[in-house]
Amino acid sequence: MKISGSVRVPGDKSITHRVLLLAALTKGISHIGGALTSLDAQSSARVLRQLGAEVSPLRKGATVRVRGRGRFQKPERTLFCGNSGTTTRLLLGLLAAHRFSATLTGDASLRRRPMRRVTAPLAAMGARFTEQDGDGLPMTVRGGALRPLRYEMPVSSAQVKSAILLAGMAGGVEVSLREPNGRSRDHTERLLQAFGYPISERDGWLHLQPGGRLEPFDLQVPGDPSSAAFLVGAAVLAESGELRISGVGLNPTRTGFLGVLSRMGVRTTVENLVFHYGEPVGDLLVRPAGLMGTEVKASEIPGLIDEIPLLAILASRASGTTAFRQVGELRVKESDRLGLIAENLRSVGAEAEVVGDDLVVGGREAVPRGSVRTAGDHRLAMAFAVLGTLPGARIRIDDMACAAVSFPDFPATLRSIFRDPR
Ligand code: S3P
């Protein structure tokens with residue numbers, strides 16, 4: 001199969017959540033171009049409306065208009081966060097600084113995900129949390145005046161880090177935190193700095209001081225590198241041609257997968273690099289390549305956490321073995337991603353095992369055939385759809401519709417990059 005053309009991917013999910021939340025907290029009207037309109041983004045928009053912000057409908061190609069009131073208002077009903085961990089955890093940080101109580105819940109996948117990793121530090125700042133059913137949703141938060149915090153995070157997580165930074169920002173108190181292993185995505189830091197909040201880093205500690213000011217803004221969200229990664233993967237597996245993915249966010253805390261791909265033998269090129277609100281954005285060019293196995297070190301994991309399903313399916317086509325070290329965090333994503341990556345790779349005839357917290361994938365040449373169980377996890381569905389583009393592959397995916405959580409037009413976009421549509 002030959003790939004060709006120039007495509008765009010939907011707006012960055014992480015940045016879309018953050019700018020919606022921040023716009024809703026400013027006093028006035030913000031305009032957000034290129035925002036993601038997927039189910040997860042809709043979850044943020046929906047709960048922000050319940051908290052008193054006006055958010056125009058999220059429609060593909062339309063600029064989103066957000067009118068904030070400067071503070072959130074007590075919601076009348078439970079805030080339903082759908083499948084979105086980012087909506088939930090970042091919002092908990094902001095609600096910690098609001099003097100009312102709010103109850104949050106989500107779909108079955110989100111209700112199972114751990115929340116004490118955010119509520120423990122926020123409780124140390126002074127917020128109160130009542131769980132209904134152990135560590136997870138539903139839960140009620142009651143915020144108020146906050147205390148400063150100095151906190152060593154037990155896991156590297158941009159959601160936890162962001163919840164603490166946003167609590168510090170909204171509560172007007174200083175916070176310092178340290179991540180244990182590697183650097184997670186830093187969009188919150190870049191945005192807060194753009195609003196004048198002093199953020200500094202020393203000896204692995206990140207400090208936020210009060211002093212900035214949220215003002216209404218106009219911003220263009222870059223394409224999501226995590227969505228682009230699936231198209232990059234399909235291009236790598238193709239036989240010939242070249243694919244251009246335009247306007248992709250290239251923040252170095254998100255592009256760890258490109259470094260791993262380069263060790264596996266893939267050459268990608270960046271053109272037309274520009275900066276928007278402190279975020280690098282450019283066109284990514286990629287060509288098919290023969291792949292070699294590699295070792296992905298624990299310190300690299302936070303910078304490519306969402307790309308492991310895709311990297312794992314590519315590893316199953318490489319010569320030699322690929323090991324992903326210390327990827328236990330994958331057990332608490334939208335599904336038990338660690339178990340399901342290995343189970344599904346085996347189910348389509350590849351070699352994969354979980355050894356402790358490591359994922360080890362063996363490379364093979366056999367044509368992949370078999371069934372994939374996604375447990376409603378968008379990234380598993382898209383990763384295995386990419387594997388399904390190999391000539392002769394027959395992969396049945398139990399739920400392709402879940403791709404709409406982050407990449408609504410994924411099946412059509414994937415088809416569009418192949419010269420002979422399949
Ligand atoms: C995200 C952080 C990551 C990532 C998720 C989005 C964010 O989660 O997996 O898709 O926008 O902050 P963790 O913070 O749980 O690692």
* To do: Confirm whether Asp203 is acidic (Asp, Glu), open to solvent by 40 Å² or more (accessible area, probe 1.4 Å), more than 23 Å from Gly249 (Cα to Cα) and within 15 Å of the ligand (Cβ to nearest atom).
  => no
* Does Arg89 fit the bill of being touching a Gly at 6+ places or on another chain (Cβ under 6 Å) and within 13 Å of the ligand (Cβ to nearest atom)? -> no
* Consider Asn181 against the criteria (1) within 20 Å of His17 (Cβ to Cβ); (2) surrounded by fewer than 24 Cβ atoms within 10 Å (Cβ to Cβ): it satisfies all of them except one. Which criterion is unmet? -> (1)
* Any chance segment 253-261 includes a residue that's open to solvent by less than 20 Å² (accessible area, probe 1.4 Å) and more than 22 Å from Gly363 (Cβ to Cβ)? -> yes
* Only one of these is among the hydroxyl-bearing types (Ser, Thr, Tyr), touching a strand residue (DSSP E or B) at 6+ places or on another chain (Cβ under 9 Å) and modelled with pLDDT of 95 or more: Ser176, Ser157, Ser184. Name it. => Ser176
* Structure fact -> Checked against (1) touching a strand residue (DSSP E or B) at 6+ places or on another chain (Cβ under 9 Å); (2) buried (at least 19 other Cβ atoms within 10 Å of the Cβ); (3) in a loop (DSSP other than H, G, I, E, B); (4) not aliphatic (A, V, I, L, M), Phe384 satisfies every condition except (3)
* Structure fact -> Condition set in contact (Cβ under 8 Å) with a residue 40 or more places away in the chain and of a type in the set (Val, Ile, Thr), scope segment 342-377, selection nearest to Ile301 (Cα to Cα): answer is Val361
* Structure fact -> The condition of being touching a Ser or Thr at 6+ places or on another chain (Cβ under 8 Å), part of a loop (DSSP other than H, G, I, E, B), under 25 Å from Leu214 (Cβ atoms) and among the aliphatic types (A, V, I, L, M) holds, among Leu92, Leu104, Leu58, only for Leu58
* Asked: How many of the residues in segment 15-60 are open to solvent by 10 Å² or more (accessible area, probe 1.4 Å) and among the polar types (S, T, N, Q)?
  -> 4
* To do: Go through the residues of segment 118-135 one by one and say whether even a single one is closer than 21 Å to Ser14 by Cβ, of a type in the set (A, V, I, L, M), crowded, with 24+ Cβ neighbours inside 10 Å and within 16 Å of the ligand (Cβ to nearest atom).
  => yes
* Could you tell me which numbered condition Gly282 fails, if it satisfies all but one of (1) without any contact (Cβ under 8 Å) to a residue 40 or more places away in the chain; (2) within 16 Å of the ligand (Cβ to nearest atom); (3) open to solvent by less than 10 Å² (accessible area, probe 1.4 Å); (4) closer than 30 Å to Val19 by Cβ? => (2)
* Asked: Quick one: what pairs do we get from segment 85-100, first residue more than 11 Å from Val141 (Cβ to Cβ), second outside any helix (DSSP H, G or I) and near the ligand (Cβ under 10 Å from one of its atoms), C-beta under 7 Å, 6+ apart or different chains?
  -> Gly85/Arg113
* Can you run down the residue pairs with Cβ atoms below 6 Å, 6 or more apart or on separate chains, where the first is in segment 157-171 and under 20 Å from Glu215 (Cα atoms) and the partner is assigned to a helix (DSSP H, G or I) and among the small types (Gly, Ala, Ser)? => Ala163/Gly93; Leu166/Gly93; Ala167/Gly93
* **Count - residues of segment 285-315 that are crowded, with 22+ Cβ neighbours inside 10 Å and free of Cβ contacts under 8 Å to residues at least 40 places away in the same chain** => 1
* Restricting segment 147-178 to residues that are of a type in the set (A, V, I, L, M) and surrounded by fewer than 21 Cβ atoms within 10 Å (Cβ to Cβ), the residue that is farthest from the ligand (Cβ to nearest atom) -> Val173
* Consider Ser371 against the criteria (1) surrounded by fewer than 14 Cβ atoms within 10 Å (Cβ to Cβ); (2) of a type outside the set (D, E, K, R); (3) not in a strand (DSSP E or B): it satisfies all of them except one. Which criterion is unmet? -> (3)
* Asked: Which one of Glu334, Glu329, Glu343 is part of a loop (DSSP other than H, G, I, E, B) and under 27 Å from Leu39 (Cα atoms)?
  -> Glu334
* Regarding His187, is this residue touching a residue at least 40 places away in the same chain (Cβ under 8 Å) and either surrounded by fewer than 20 Cβ atoms within 10 Å (Cβ to Cβ) or closer than 23 Å to Pro280 by Cα (or both)? -> yes
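The values are calculated or read from the model by the stated rules, or taken from the named source; none is laboratory data. What you see is a predicted model; the values in this text were computed from it and never measured. Cβ: placed from backbone, ideal geometry, glycine included. Neighbour counts: every protein chain shown. Each accessible area value is taken on the protein alone, full model and side chains, heavy atoms only, with ligands, DNA and RNA left out. Shrake-Rupley method; radii C 1.70, N 1.55, O 1.52, S 1.80 Å.
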